[in-house]
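Q: I am attaching a structure below and will ask some questions about it afterwards.
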Amino acid sequence: MKKQISKKMTSKQRSKKKPCTEVEELKTTVECIRTELSVLADAVSTQTAYIKRLLKRHSKGSAKAKNPQTETADATETSIFPLQSENDLIRIDRKITPENQEKYINKIKNLLALGVLSTSIKKIMTEELILEHNMDGSCNKKSLQDYDTFFSVLLDAIQLMDSTKPARKQLQKALYCVKNNFNKHKSNKRKRDLKNFEIVYDSNSNDNSVDNKSEL
């Protein structure tokens, strides 16, 4: 009888332990989910604050009234695009100030809006200048980040164009596409030139053969 009672107590204890274990696991899972949600909320909050700051600066710049002389001066300053040389990069990096950077952001944004980024980026910098540079100066290229003021303005303009992705990744992908398309075009041109050479060579060979037969 005592054995039966002890067995029943043991089974009851086990049944009590099992729910307790499940509750503890559930609590741990809930805490993990809360932590992940908190991290995600912080990230979204940071990104939202950044976008609001850009939009606020953009709206302030758009709301400013300008007289004809100011508009003419602004047009002259921003007519430097597309940048064609390293000297142009140095010049614009020195020209951009906290007072006029909004104007440059808007100008670059409007130019980038004329097409997909991998195409419209060439309205900011020529293809030749893009081929000479990359983001960080790796692979024996010159670094765009050396022109930190211009680089920051360019990233801000790209972020205003598309706030769903980091501006740096968008720019990096666009630069890669420009270089990739250039290499493809260069390769295709070589193939066409080689094919044209072979056609001309075959034609000359046939002409020489005919001339030789006529002499015989």
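Q: If each of Leu114 and Ser152 carries a label point 7 Å out from its Cα toward its Cβ, how far apart are those two points in nm?
A: Spacing of the two 7 Å Cα→Cβ label points: 2.7 nm.
Q: Oh, and also: Please turn the phi angles of the stretch 127-140 into ³J(HN,Hα) values with the Karplus equation 6.51 cos²θ - 1.76 cosθ + 1.60 (θ = phi - 60°), one per residue in order, whole Hz, x for glycine and proline.
A: Taking θ as phi minus 60°, the curve returns 4, 4, 5, 5, 5, 7, 10, 9, 5, 10, x, 7, 6, 6 Hz for the stretch 127-140.
Q: Check which residues have an amide H placed less than 5 Å from Met125's amide H, if you skip close sequence neighbours.
A: For Met125, whose amide H was placed from the backbone, the distant partners under 5 Å are Leu83.
Q: Now for a different question. With every protein chain kept in place and ligands, DNA and RNA left out, what is the accessible area per residue of the stretch 77-145? Probe 1.4 Å, answer in Å². Numbers along the way, then the final one.
A: Numbers: 3520 Å² over 69 residues.
Per residue, the stretch 77-145 has an accessible area of 51 Å².
Q: For Lys191, Lys179, give me the order by solvent-accessible area with a 1.4 Å probe, most accessible first, ignoring ligands, DNA and RNA.
A: Numbers: Lys191 130, Lys179 40 Å².
So the residues, ranked largest to smallest area, are Lys191, Lys179.
Q: Turning to a different aspect of this structure: Taking θ as phi - 60°, what are the ³J(HN,Hα) couplings along the stretch 92-100 by the Karplus curve (6.51, -1.76, 1.60), each to the nearest whole Hz, with x for Gly and Pro?
A: Ordered by residue, 3J(HN,Hα) equals 5, 5, 7, 6, 6, 10, x, 6, 10 Hz.
The values are calculated or read from the model by the stated rules, or taken from the named source; none is laboratory data. Just so we're clear, the structure is a prediction, and the values are computed from it rather than from any experiment. Reconstructed Cβ throughout: ideal geometry from the backbone, glycine too, with neighbour counts over all protein chains shown. Calculation scope for accessible area: heavy atoms of the full protein, side chains included, ligands and nucleic acids excluded. Shrake-Rupley method; radii C 1.70, N 1.55, O 1.52, S 1.80 Å.
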